[in-house]
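The values are calculated or read from the model by the stated rules, or taken from the named source; none is laboratory data. Please read these numbers as outputs of a predicted model, since none were measured by experiment. Positions of Cβ are backbone-derived with ideal geometry, glycine not excepted, and every protein chain shown enters the neighbour counts.
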């Protein structure tokens, strides 16, 4: 719903600016700088708001680096990112009992995930071009993929564990415990 509202608001603003231009109230030489300033203010305000009220891991971000840290409950979720780095720190988050599935997708950018040392982890990562350091196992190249898990992942039936799925077109991925 949030995406549709954003696009709807953008179309209303663009339509209003074009109407003001056709009515000769404003000139295009003033519209473009004003539009750039408004977009910049929106991005700054959006970043502050997301950091203060983030309650789950369902998020899409277009450009810029994103840090997901803090003490909130995680049931799993999906993080989508177009350009920029994603850093996810699970050490300060409360995971639910059972398997918590977290998917991180990026077009261009690095993905760094840190899990608690005692948490069973399974990770499956792929990239068109990328370098991987997944739970201590390294790999790099074109059309690369890697799946790795801690020895305690299959043994953990009723406890907390996390399944991490990462994919990127171009980017490095690191998943570690610590």
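A few notes on this one:
- Meets criteria (at pLDDT 80 or above, over 14 Å from the mean Cα position of the chain (by Cα) and at negative phi) for residue 33: no
- Criterion applied to 81, 61 was being at pLDDT below 65, closer than 30 Å to residue 128 by Cβ and part of a strand (DSSP E or B), and the one residue passing it is 61.
- Among the residues of the stretch 144-178, those that are over 17 Å from residue 111 (Cβ atoms) and in contact with a strand residue (DSSP E or B) (Cβ under 7 Å, 6 or more places away or on another chain) comprise 149, 150, 153, 160, 161.
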